[in-house]
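Below you'll find the structure I mean.
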Amino acid sequence: MFNLLINSFAPVAILILIGYFSAKKSIFSKENSIAIIKYVGVVAVPTLTLKIILSISISNVNWTLIFSYVFSEFIIYLTALLIGKYIFNLKWNEAILIGMASSFANHLLFVYPIALNEYQADLIHPIVAIIGFDVIFLVINLIILDLIKFKNLKLKNIFIKQFSNLPLIALILGLTVIFLDIELPISIHRALDFIANSAAPCALFAAGIILSQKLEKTEIKISNLIILFKIILHPVLLILIIWNLDNIDFSLAETTIMVASAPVGLMALVFSTQYSVNPNAITRALMITTLFSIVTVPLASMFG
C-alpha cells in the first residue's frame with residue numbers, strides 16, 4: 001500500500017511542480033490556471049463522475065455505512081464553515097467553500113484509483129455511492145452560493161439553473177442508464193475515458209500555478225484549519241461513529257475510512273474561482289493533504 005501511494009503521489013508532485021515553476025518563469029499566469037480549472041470543473045470532472053456512477057451496483061451498497069460517512073462529512077463541513085465565518089470573519093461564500101474544502105475528499109482522483117487496484121468490488125461500491133452523495137451535496141452548496149451571488153434572482157430560477165450544472169447532469173444520466181439498463185456503445189465509453197483522464201493532470205498543473213502566488217498569514221491559518229479537519233478530524237469522527245454502530249463490520253468500512261482520510265477534493269478549488277473566492281488557502285491545503293495522505297490513507301486502511 002505504501003509503495004502504491006508513493007508511486008501515485010510522484011506524478012502528482014511532478015505536475016504541481018511543473019505548474020509552480022511555469023508560473024515562476026511567467027510561462028503561465030494565474031488567469032491561465034483559472035481557465036484550466038474551469039475546464040476541469042465544467043467538463044472533465046462531470047465526465048469522470050458519469051463514468052464512475054455507471055459502475056455502481058446499488059443493491060450491493062451498505063447504506064448504514066454510507067449514511068454514517070455522510071453524517072460525519074456534514075459535521076465537519078458545518079463546523080469548518082462556522083469557524084470560517086465567526087472566527088476568521090469570512091464572507092458567507094468564502095466560509096461555505098472552506099467548509100467544502102474541509103469535508104469534500106479527493107475520492108475521484110485519489111482513493112478510487114487506488115481501490116481499483118487493491119480491493120474487490122464490495123469495497124469499491126461505498127466509494128462510488130459517496131461520490132453520488134457528494135454530487136448532490138455539491139449542488140445544494142451551489143444553490144446557496146448562487147443565492148448569495150445573485151441576490152436579485154428568484155429561488156425558482158436558481159433551482160432551474162442547477163440543471164445546467166454538469167456534475168448533477170452526470171449523476172442523473174448515470175442513474176438513468178443504470179436503472180433502465182442501457183448498454184452504451186464502446187465509442188461512448190472510450191470518449192468518457194479520454195476526457196475523464198484529463199481531469200487530474202489539468203487540475204494539478206493549475207494548482208501548481210496557484211501555489212506560486214504569495215499567501216497572507218490569514219490564508220495560511222485557514223489552510224491549516226482545512227488540513228486539520230480533512231485528514232485528522234474527519235477520519236477520527238467517522239471511526240467513532242462506526243465504532244458505536246453494532247451492525248457495521250469494520251472490514252467492510254476500510255475504503256470508506258480511507259475516503260475520510262483522503263486529501264482535499266478539487267471541487268472547492270474549482271468553484272472558488274467561479275464565486276470570486278481567493279483559492280490560495282485551498283490550493284495550499286490540497287497540496288499538503290495530498291502529501292500527508294501517503295501516511296494517513298494506509299493508517300486508515302488498518303481499521304478494516
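Any residue in region 292-304 that is at pLDDT 85 or above, at negative phi and either of a type in the set (D, E, K, R) or surrounded by 16 or more Cβ atoms within 10 Å (Cβ to Cβ) (or both)? Steps first, please.
Just the residues of region 292-304 that are at pLDDT 85 or above, to begin with: none.
No, every residue in region 292-304 fails to be at pLDDT 85 or above, at negative phi and either of a type in the set (D, E, K, R) or surrounded by 16 or more Cβ atoms within 10 Å (Cβ to Cβ) (or both).
Give me a count of the residues in region 212-238 that are open to solvent by less than 20 Å² (accessible area, probe 1.4 Å), farther than 20 Å from Glu94 by Cα, more than 16 Å from the chain's Cα centre (by Cα) and of a type outside the set (S, T, N, Q).
Qualifying residue count for the region: 1.
Step by step: first the residues of region 252-287, then only those that are of a type in the set (A, V, I, L, M, F, W, C), open to solvent by less than 10 Å² (accessible area, probe 1.4 Å) and touching a Gly at 6+ places or on another chain (Cβ under 9 Å), then the one that is farthest from Val40 (Cα to Cα). Which residue is that?
Residue satisfying both the conditions and the ranking: Ala253.
What are the residue pairs meeting all of these: first residue in region 266-287, first residue more than 20 Å from Leu48 (Cβ to Cβ), second residue open to solvent by 30 Å² or more (accessible area, probe 1.4 Å) and in a loop (DSSP other than H, G, I, E, B), Cβ atoms under 6 Å, and 6 or more apart or on different chains?
Asn280/Gln213; Asn280/Leu215
For region 255-282, which residues satisfy the criterion of being assigned to a helix (DSSP H, G or I), more than 14 Å from Gly99 (Cα to Cα) and modelled with pLDDT of 85 or more?
Thr255, Thr256, Ile257, Met258, Val259, Ala260, Asn280
Now a separate question. Looking only at region 171-224, how many residues end up being under 14 Å from Asn278 (Cα atoms), in a helix (DSSP H, G or I) and of a type in the set (S, T, N, Q)?
Of the residues in that region, 2 qualify.
Assuming Phe28 fulfils every condition listed in (1) assigned to a loop (DSSP other than H, G, I, E, B); (2) open to solvent by less than 30 Å² (accessible area, probe 1.4 Å); (3) at pLDDT 80 or above apart from one, which condition is it?
(2)
Can you tell me which of (1) out of contact with any Leu (no Cβ under 9 Å at 6 or more places or on another chain); (2) polar (S, T, N, Q); (3) under 14 Å from Ile16 (Cα atoms) is the one Thr283 doesn't meet?
Here Thr283 meets the rest and fails (1).
Here is a further query. Please work out which residue is modelled with the highest pLDDT, limiting yourself to region 116-150 and to residues that are more than 17 Å from the chain's Cα centre (by Cα), surrounded by fewer than 17 Cβ atoms within 10 Å (Cβ to Cβ) and closer than 19 Å to Gly41 by Cβ.
Ile144
Going through region 85-103 one residue at a time, which ones are polar (S, T, N, Q) and under 21 Å from Val236 (Cβ atoms)?
Residues of region 85-103 polar (S, T, N, Q): 89, 93, 102-103.
Matches in region 85-103: Ser102, Ser103.
Follow-up question, since we're still on this one. Regarding region 41-51, can at least one residue be identified that is within 30 Å of Asn247 (Cβ to Cβ) and buried (at least 16 other Cβ atoms within 10 Å of the Cβ)? Steps first, answer last, please.
Pass one, region 41-51, residues within 30 Å of Asn247 (Cβ to Cβ): 49.
This time we only want the ones that are buried (at least 16 other Cβ atoms within 10 Å of the Cβ), so: 49.
Within region 41-51, one or more residues are within 30 Å of Asn247 (Cβ to Cβ) and buried (at least 16 other Cβ atoms within 10 Å of the Cβ).
Right, another one. Counting only residues that are part of a helix (DSSP H, G or I) and more than 14 Å from Leu299 (Cα to Cα), which one in region 239-249 is most open to solvent (accessible area, probe 1.4 Å)?
To start, the set of residues in region 239-249 that are part of a helix (DSSP H, G or I) comprises 239-243.
Then keep just the ones that are more than 14 Å from Leu299 (Cα to Cα); that gives 240-243.
Details: Leu240: 96, Ile241: 33, Ile242: 2, Trp243: 158 Å².
That would be Trp243.
Looking at Ser55, is it among the hydroxyl-bearing types (Ser, Thr, Tyr), over 27 Å from Cys202 (Cβ atoms), modelled with pLDDT under 95 and surrounded by fewer than 17 Cβ atoms within 10 Å (Cβ to Cβ)?
Details: among the hydroxyl-bearing types (Ser, Thr, Tyr): yes; over 27 Å from Cys202 (Cβ atoms): no; modelled with pLDDT under 95: yes; surrounded by fewer than 17 Cβ atoms within 10 Å (Cβ to Cβ): yes.
No.
Conditions tested, residue by residue: (1) open to solvent by less than 70 Å² (accessible area, probe 1.4 Å); (2) at pLDDT below 80; (3) among the aromatic types (Phe, Trp, Tyr).
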site: Lys154; (1), (2), (3): no, yes, no
site: Ile158; (1), (2), (3): yes, yes, no
site: Gln162; (1), (2), (3): yes, yes, no
site: Val177; (1), (2), (3): yes, no, no
site: Leu184; (1), (2), (3): yes, no, no
site: His189; (1), (2), (3): no, no, no
site: Ala196; (1), (2), (3): yes, no, no
site: Cys202; (1), (2), (3): yes, no, no
site: Ala207; (1), (2), (3): yes, yes, no
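Now a separate question. Restricting attention to region 241-253, does a residue exist that is farther than 23 Å from Pro126 by Cα, of a type in the set (A, V, I, L, M, F, W, C) and at pLDDT 85 or above? Walk me through how you get there before you give the answer.
First pass over region 241-253, keeping only residues farther than 23 Å from Pro126 by Cα: none.
Looking through region 241-253, none of the residues is farther than 23 Å from Pro126 by Cα, of a type in the set (A, V, I, L, M, F, W, C) and at pLDDT 85 or above.
Still on this structure: Can you tell me which residue within region 105-115, out of those that are open to solvent by less than 10 Å² (accessible area, probe 1.4 Å) and not β-branched (Val, Ile, Thr), is modelled with the lowest pLDDT?
Ala115
Can I ask one more? Six or more apart or on different chains, Cβ under 8 Å: which pairs go from a residue in region 85-96 that's of a type in the set (A, V, I, L, M) to one that's part of a helix (DSSP H, G or I) and open to solvent by less than 30 Å² (accessible area, probe 1.4 Å)? Could you list them?
Leu90/Gly84; Leu90/Ile98; Leu90/Ile222; Ala95/Leu81; Ala95/Gly84; Ile96/Leu81; Ile96/Asn141; Ile96/Leu145
The values are calculated or read from the model by the stated rules, or taken from the named source; none is laboratory data. Bear in mind that the values here come from a model prediction, so they are computed numbers and not experimental data. Virtual Cβ from ideal backbone geometry, glycine too; neighbours counted across all protein chains shown. When the accessible area is computed, the model is the full protein with side chains, heavy atoms only, and any ligands, DNA or RNA have been set aside. Shrake-Rupley method; radii C 1.70, N 1.55, O 1.52, S 1.80 Å.
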